[in-house]
Amino acid sequence: MTAPETRPFVDIRVLVLSGPSGSGKSTIVDRLVNVAPVQLVKVVSATTRPPRAGEVNGRDYYFLSPEEFEQKRQAGEFIECEEVHGNGNWYGTLRSELTRAQQAGAWAFLEIDVQGALSIIKEYPDAVSVFLTTASEGDYEQRLRNRGTESEDAIQQRLETARRELKLSKEYKHIVVNDDLDRAVSEICHILASAEG
Ligand SMILES: Nc1nc2c(ncn2[C@@H]2O[C@H](COP(=O)(O)OP(=O)(O)O)[C@@H](O)[C@H]2O)c(=O)[nH]1
Ligand SMILES: Nc1ncnc2c1ncn2[C@@H]1O[C@H](COP(=O)(O)OP(=O)(O)O)[C@@H](O)[C@H]1O
């Protein structure tokens, strides 16, 4: 009789990306999933913030009502969750999303704020952590304004969050400056290739 086939236990591999609003995280995520030297599954976060024009539920975020979000929080469905910009909108990483990446044999790719990232790094010390920034503070502010998605109040909130976050950038294994998009993407690809071994 042959022994039942056992699948080797594969630890979850995690890439966590953070950075100031406007630094280019979403742009980098879109590029990276197509060109990375490892398979990446973008973890879809849950949020109580309303969708922006063009955003799709289940692709960009799981858009939840505050009640639905709270229900999941109490049921322990989040690995971490934060009220990122201090404006009453919550964001959280669902455990089921990490399982989805793991089952696909892929890296789980999280684009989350610094507080959430610190929780993830604590839980997964081998996580590859990248803090994305721009050459100067003015650059991400300008990009955020050019994107044209936020009110002046929301821009000020995001700049405040960014200043807090920049102080914690040293907690990340890698800091990547997104001045030239191609170069930033290629730098993260190199980081991933080295981590994969
Ligand atoms: N802690 C945590 N932060 C998240 C999560 N999903 C997104 N974020 C962060 O929430 C912030 C707000 O994202 P968003 O509303 O799309 O605005 P943007 O930063 O202006 O593009 C960003 O800093 C994201 O990195 C999550 O699941 N957990
Ligand atoms: N390297 C870059 N140079 C110039 N503009 C960029 C660069 N990377 C991203 N952008 C632009 O900056 C704006 C903010 O980028 P986005 O990816 O939405 O940032 P985040 O997700 O960090 O808030 C977008 O309009 C995007 O097209």
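The values are calculated or read from the model by the stated rules, or taken from the named source; none is laboratory data. None of the values given here were measured: they were computed from a predicted structure. Backbone-built Cβ (ideal geometry, glycine too); neighbour counts: all protein chains shown. Each accessible area value is taken on the protein alone, full model and side chains, heavy atoms only, with ligands, DNA and RNA left out. Shrake-Rupley method; radii C 1.70, N 1.55, O 1.52, S 1.80 Å.
Can you spot a residue in segment 118-130 that is within 13 Å of ligand 2 (Cβ to nearest atom), at negative phi and open to solvent by 20 Å² or more (accessible area, probe 1.4 Å)? Checked segment 118-130: no residue is within 13 Å of ligand 2 (Cβ to nearest atom), at negative phi and open to solvent by 20 Å² or more (accessible area, probe 1.4 Å). Residues in segment 14-42 that are within 18 Å of Ile120 (Cβ to Cβ) and within 15 Å of ligand 2 (Cβ to nearest atom): Val16, Leu17, Ser18, Gly19, Lys25, Ile28, Val29, Leu32, Lys42. Of note, Ser45 does not satisfy the criterion of being under 30 Å from Ser194 (Cα atoms) and open to solvent by 30 Å² or more (accessible area, probe 1.4 Å).
Being closer than 23 Å to Asp182 by Cα and either charged (D, E, K, R) or assigned to a helix (DSSP H, G or I) (or both) is the filter here, so list the residues in segment 29-75 that pass it. The answer is Val29, Asp30, Arg31, Leu32, Val33, Asn34, Val35, Lys42, Asp60.
When Gly54 is tested against the conditions (1) touching a residue at least 60 places away in the same chain (Cβ under 8 Å); (2) of a type outside the set (S, T, N, Q); (3) within 16 Å of ligand 2 (Cβ to nearest atom), the lone failure is (1). Per the conditions (1) in a helix (DSSP H, G or I); (2) open to solvent by 10 Å² or more (accessible area, probe 1.4 Å), the sole criterion not satisfied by Asn89 is (1). You will find that of Glu141, Glu150, Glu111, Glu82, the residue that is among the acidic types (Asp, Glu), more than 11 Å from ligand 2 (Cβ to nearest atom) and either open to solvent by less than 30 Å² (accessible area, probe 1.4 Å) or under 23 Å from Thr27 (Cα atoms) (or both) is Glu82 and no other. Among the residues of segment 124-144, those that are within 13 Å of ligand 1 (Cβ to nearest atom) and at pLDDT below 95 comprise Tyr140, Glu141, Arg143, Leu144.
Per the listing Gly24, Gly19, Gly54, the residue uniquely open to solvent by less than 60 Å² (accessible area, probe 1.4 Å) and more than 9 Å from ligand 1 (Cβ to nearest atom) is Gly24.
The set of residues from segment 18-47 being without any contact (Cβ under 8 Å) to a residue 60 or more places away in the chain and hydrophobic (A, V, I, L, M, F, W, C) comprises Val44, Ala46.
Would you confirm, using the coordinates I've provided, whether Leu98 is assigned to a helix (DSSP H, G or I), open to solvent by less than 50 Å² (accessible area, probe 1.4 Å) and more than 30 Å from Ala193 (Cβ to Cβ)?
In short, no.
The number of residues in segment 153-173 that are open to solvent by 90 Å² or more (accessible area, probe 1.4 Å) and not in a helix (DSSP H, G or I) comes to 2.
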